[in-house]
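Each reported figure results from applying straightforward, stated rules to the coordinates on display, with no laboratory input. Keep in mind it's a predicted model, so treat the numbers as computed, not measured. Note that each Cβ is placed from the backbone with ideal geometry, even for glycine, and that neighbours are counted across all protein chains shown.
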Amino acid sequence: MATDMWLLNRAEEWGGPIFRRYGWIVPQITFGYGQKAAWVIKETGQQITNLTRRPTGGGIVRHGLDLTYCLIVPRSSKGSLVPPMDFYAQIHRRWGDALVQQGVKNTLMPCPEKSQGGIPGDCFNEPVGRDLMDEHGRHKLGGAAMKKTRQGVLVQGTLELGAWPELVHEDLENHFLAGIAQDLGEEITSKEWSVNLDSEREKMVQIYSSLNWNQDRKSSP
């Protein structure tokens with residue numbers, strides 16, 4: 001969370017959209033910015049110290065076998081002009097294209113005629129409009145949440161791929177990036193982490209690893 005927010009704050013100076021894919025050493029549970037910690041603790045059976053609150057919205061997500069990523073679009077990018085829900089659908093269409101390349105058919109969850117409102121409780125058990133679903137529209141494959149600031153838009157998303165251990169995540173990522181780069185009119189380039197990454201993001205680490213943040217959303221360690 002600290003690294004994602006550190007990147008969002010530097011979105012403009014990095015010169016274009018930023019994509020980062022997570023790796024998981026052990027299973028982890030994250031939950032949305034607007035969720036009540038007490039409810040999440042009860043629902044997951046975990047102590048607050050074993051949970052991580054995201055700066056974006058949405059519900060509980062269980063990580064470990066998924067493909068987890070963040071996509072940051074600076075204000076100067078074409079993507080920042082796209083209405084949020086249209087951009088949400090665009091992202092999932094591109095992931096859907098990547099999954100089809102590896103034999104996994106899929107579709108998007110239709111939007112309800114009337115907004116349901118509220119915060120999803122358990123993300124993958126409560127799909128919402130334009131989530132990525134299996135070909136029958138019964139099981140959720142991918143979801144995301146967004147945060148918009150003066151610097152740009154942060155998208156934190158995940159694809160639940162535990163049912164397909166044979167999928168090559170790197171190939172999925174490359175296919176997605178080719179598509180979304182085309183949509184945004186960008187070229188794909190790699191960028192080295194700052195040699196001062198640890199010191200530059202230290203304040204963010206203190207905030208997003210603190211009990212104050214996980215329990216009460218307070219941005220002071």
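Applying 1/(1 + (r/R0)^6) with R0 = 22 Å to the Cβ-Cβ distance of ILE188 and ARG75 gives a FRET efficiency near 0.60. Residue separation of GLU43 and LEU197 scaled by 0.36 nm, minus their Cα-Cα distance, works out to 51.9 nm of gained length.
Taken one residue at a time, the phi angles of region 76-81 give Karplus couplings (6.51, -1.76, 1.60, θ = phi - 60°) of 6, 7, 4, x, 6, 8 Hz. Gly and Pro are set to x. For LEU141, the residues whose amide H sits under 5 Å from its own are LEU132, MET133, ASP134, ignoring neighbours fewer than 5 places away on the same chain, with H placed 1.01 Å from N.
For the listed residue pairs LYS42/LYS147; LYS78/LYS148; LYS105/LYS140; LYS42/LYS203; LYS147/LYS191; LYS105/LYS147, the alpha carbons are over 20 angstrom apart in LYS42/LYS147; LYS42/LYS203; LYS147/LYS191; LYS105/LYS147. The dipole here belongs to the chain: it is taken about the Cα centre, uses +1 on the Cβ of Lys and Arg and -1 on the Cβ of Asp and Glu, and is about 840 debye. As a length-normalised measure over Cα pairs under 8 Å and 6 or more apart, the relative contact order of the chain settles at 25 percent. Computed extension gain for GLU170 through VAL205, at 0.36 nm per residue and net of the alpha carbon distance, reaches 9.9 nm. The phi torsions of region 147-157, fed into the Karplus equation with coefficients 6.51, -1.76 and 1.60 and a -60° offset, translate into couplings of 9, 10, 10, 5, 7, x, 10, 9, 10, 10, x Hz, rounded to whole numbers, with Gly and Pro shown as x.
If R0 is 35 Å, what FRET efficiency do you get for VAL26 and CYS111 from their C-beta distance, rounded to 0.05? About 0.45, to the nearest 0.05. If I take all pairs of Cα atoms in the chain, what percentage of them are more than 29 Å from each other? Tail fraction, whole percent: 25.
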